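The values are calculated or read from the model by the stated rules, or taken from the named source; none is laboratory data. This is a predicted model, so every value here is computed, not measured. Using ideal geometry, Cβ is built from the backbone for each residue, glycine included, and neighbour counts are taken over all protein chains shown. When the accessible area is computed, the model is the full protein with side chains, heavy atoms only, and any ligands, DNA or RNA have been set aside. Shrake-Rupley method; radii C 1.70, N 1.55, O 1.52, S 1.80 Å.
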2 protein chains.
Amino acid sequence: MNQTKGSQSLVFEEAPVIISAASVAGSKEAEGPLAKLFDMTNQDDLFGAQTWEEAESNMQKEACVLALGKAHVDPKEVRCLFGGDLLRQGVATSMGVEALQIPMFGLYGACSTSGEALALAAMSTAAGYGKYMLAVTSSHFGSAEKEFRFPLGYASQRPLSAHWTVTGSGAFLVAPNGTHMREGQPEAGGANEGWRHIRIAGVTVGKIVDYGLKDSQNMGACMAPAAMDTIVQNFRDMDRTEADYDRIITGDLGYVGQSILFDLVRGKGYDIRKRHMDCGMVIFDQETQDTHAGGSGCGCAAVTLASFILPKIEKGDWRRVLFVPTGALMSTVSFNEGASVPGIAHGIVLEHF
Amino acid sequence: MNQTKGSQSLVFEEAPVIISAASVAGSKEAEGPLAKLFDMTNQDDLFGAQTWEEAESNMQKEACVLALGKAHVDPKEVRCLFGGDLLRQGVATSMGVEALQIPMFGLYGACSTSGEALALAAMSTAAGYGKYMLAVTSSHFGSAEKEFRFPLGYASQRPLSAHWTVTGSGAFLVAPNGTHMREGQPEAGGANEGWRHIRIAGVTVGKIVDYGLKDSQNMGACMAPAAMDTIVQNFRDMDRTEADYDRIITGDLGYVGQSILFDLVRGKGYDIRKRHMDCGMVIFDQETQDTHAGGSGCGCAAVTLASFILPKIEKGDWRRVLFVPTGALMSTVSFNEGASVPGIAHGIVLEHF
């Protein structure tokens, strides 16, 4: 039996496995530290489309097709797709995954959506609801600036606490424990081959955490309390400490949010400084790429997970990772009406086996 | 074991039960045919708030609190909340359910979201992931007009094919088979008491269906193909016909969408005319309320289910119902960029037991 743990966590008896993943990223990401790890990049960030929104949809579709292709799985074999993005009414996902014709659940968890999608894909797989589940999220710098800030043509200045939305999409193919790559597949281990050693051992479902901050240009500060809440809850629910994880990896807190997270977690009696990594701080080079607080967006954690984190778990460099994408829950309307920006974070326990 | 059926459906061996639900609705709904069935209505549609968005959040919170209160369940006992609305970045839900502090999954499925939320709540319950799950959705005429059309102050004219967004929120408390009302509760059966005879026997997860229509003022036509697809898929997956259901109930196809649905379904060899009901056609009186094609919105199907449909199933008037909320997947940006408006519909099999 799968087990509920504490008040917010689940541990799977037969832990589902991630058998493949794919990352599609934009031109700025292709100049960053992870450049060589992405499966696909594009130099004009339009991915063959006429608009940023359609470009983002194309990225999602490509990421899904690549993840499926690596595992030699046909879209018809996928039972459910869990997907989301940052745009209003999730149109990047609706238009992106439409061609795959997979039964789908549309999600919105801001930048935490990759965690939300992986949690639901793992929960559905562990419950026996189908052989293959696909989780996919995306963000695009152009569409996100238009959605949340100003059109790119305005060339608005941004505060140093602001993030740079990652142009990217990550897709993950989840399957039941015991599912291996098909016959004739090359031995796994590389970024462009299927995986055999990564399992989703459990999840910690996040709550909305609101410290009352209202500065949507400082999302790191808005999201740090939610990251702390989910990390500490994971420790308590699973009777663990930071020592039980090789890495504790947040989605896009950035430089500002990371320092707040360290302080908040220390206030609860834990010290995660030596084991913490933030995808938003890894994906860009802050000194040369002028990305201020770091990368952000649904795509930030997703492409970093697909291209950098999962291969390390597959190889056994990291044996257990707590992956915690974080989201800032707001819209331009809620911001203009003076509402605060609460956060949410979902924790995914990834293990080498 | 729970069973996958056909290509898109699940049947639960131990079917979860809906032990309570609540409906909160606005002033126009309180003048309609279902007026006396709602748990709470409000005469100025602001629900104590200063903005339409906050009003919608307050409706969601009240619906959740009422559903929990009827079943004498504390929010702390609820393992997961599945919720969504129509607004950009789902802020009505984020701000609405924040105070409950329940681990949450934010969803977006346009007006199909009540089906999506009930499907995931039932799937999680049937998998043993917790005792109580809460599903909640909402829509608000004022916030939806601002989001998708024009601010109310413009007094824009609307085509006859347009829907009237329902101001309302419905919340549903899902629990494992065998969960009964607590000791000391009155015998169930009325709208203001808990239920003991409603189970979610199975679900059919919808795919995105796109016939290429681009008129967002005629959502009934955009959504009818998705409703057909899910209804016919449910028949095939579960080896059933329309004769196996007392009612087949769509969310908000309205008068235009219904006639298209009948034609499309007939083209597949089924005739659902005698058993079909549409929440958008039931919630308003077309002749006296000037609501054109009918009601719509995440709240339309949700409040009709909570106030009208579930009590009939509880009493045994209807023994088996296929509840199929339908969503039109678009945003003002995708519309302005010339994208089509695909639809999605999720099927929930509700049974009296």
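Some observations on this one:
- Checklist (1) touching a residue at least 60 places away in the same chain (Cβ under 8 Å); (2) aliphatic (A, V, I, L, M); (3) outside any loop (DSSP other than H, G, I, E, B) applied to A:ALA30, failing item: (1)
- Flag for B:GLU314 being within 9 Å of chain A (Cβ to nearest Cβ) and among the charged types (D, E, K, R): no
- Across the range B:331-343, the number of residues qualifying as facing another protein chain (nearest Cβ under 7 Å) and either touching a residue at least 40 places away in the same chain (Cβ under 8 Å) or at positive phi (or both) comes to 3.
- Out of A:HIS197, A:HIS292, A:HIS276, sole residue that is farther than 26 Å from A:LEU310 by Cβ and either at pLDDT below 95 or not small (Gly, Ala, Ser) (or both): A:HIS292
- Annotation: A:ALA49 fulfils all but one of (1) under 20 Å from the mean Cα position of the chain (by Cα); (2) without any contact (Cβ under 8 Å) to a residue 60 or more places away in the chain; (3) over 17 Å from A:ALA171 (Cβ atoms); the unmet one is (1).
- Condition check for A:GLY26: crowded, with 24+ Cβ neighbours inside 10 Å and within 23 Å of A:PHE308 (Cα to Cα): yes
- Among the conditions (1) open to solvent by 10 Å² or more (accessible area, probe 1.4 Å); (2) in contact with a strand residue (DSSP E or B) (Cβ under 8 Å, 6 or more places away or on another chain), the only one that A:SER9 does not satisfy is (1).
- Restricted to the range A:212-233, and to residues there that are of a type outside the set (A, V, I, L, M, F, W, C) and within 12 Å of chain B (Cβ to nearest Cβ), the residue that is nearest to A:MET330 (Cα to Cα) is A:SER216.
- Which numbered condition B:ASN42 fails, given (1) free of Cβ contacts under 8 Å to residues at least 60 places away in the same chain; (2) under 19 Å from B:THR113 (Cα atoms): (2)
Condition check ((1) crowded, with 18+ Cβ neighbours inside 10 Å; (2) free of Cβ contacts under 8 Å to residues at least 60 places away in the same chain) across all residues:
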site: B:ASP263; (1), (2): no, yes
site: B:ARG273; (1), (2): no, yes
site: B:VAL303; (1), (2): yes, no
site: B:ILE309; (1), (2): yes, no
site: B:ARG319; (1), (2): no, no
site: B:LEU329; (1), (2): yes, no
site: B:HIS346; (1), (2): yes, no
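- None of A:GLY109, A:GLY115 is at the interface with another protein chain (Cβ under 7 Å from one of its Cβ atoms), closer than 19 Å to A:THR250 by Cα and open to solvent by less than 10 Å² (accessible area, probe 1.4 Å) except A:GLY109.
- Looking only at the range B:131-165, residues that are within 13 Å of chain A (Cβ to nearest Cβ), assigned to a loop (DSSP other than H, G, I, E, B) and surrounded by 21 or more Cβ atoms within 10 Å (Cβ to Cβ) come to 1 in all.
- Each residue in the range A:233-261 was checked for being surrounded by fewer than 18 Cβ atoms within 10 Å (Cβ to Cβ) and aliphatic (A, V, I, L, M), and 1 of them qualify.
- Among helices (runs of 4 or more DSSP H) entirely within the range A:275-353, having at least 3 residues that are within 19 Å of A:THR230 (Cα to Cα) and out of contact with any His (no Cβ under 7 Å at 6 or more places or on another chain) singles out A:298-304.
- Any hit, the range A:219-232, residues being on the phi < 0 side of the Ramachandran plot, open to solvent by 40 Å² or more (accessible area, probe 1.4 Å) and touching a residue at least 40 places away in the same chain (Cβ under 8 Å): no
- Residue that is nearest to the other protein chains (Cβ to nearest Cβ), among those in the range A:71-95 that are touching a strand residue (DSSP E or B) at 6+ places or on another chain (Cβ under 7 Å) and part of a loop (DSSP other than H, G, I, E, B): A:LEU86
- Contact map, the range A:78-97: first residue touching a residue at least 40 places away in the same chain (Cβ under 8 Å) and at positive phi, second residue open to solvent by 10 Å² or more (accessible area, probe 1.4 Å) and of a type in the set (Lys, Arg), Cβ cut-off under 6 Å, separation 6 or more or different chains; the map is empty.
- Scanning the range A:41-68 for residues that are open to solvent by 20 Å² or more (accessible area, probe 1.4 Å), on the phi < 0 side of the Ramachandran plot and either in a loop (DSSP other than H, G, I, E, B) or at pLDDT below 95 (or both) gives A:ASN42, A:GLN43, A:ASP44, A:LEU46, A:GLN50, A:THR51.
- Boolean, A:GLU98 is facing chain B (nearest Cβ under 9 Å), part of a helix (DSSP H, G or I) and within 19 Å of B:ARG88 (Cα to Cα): no
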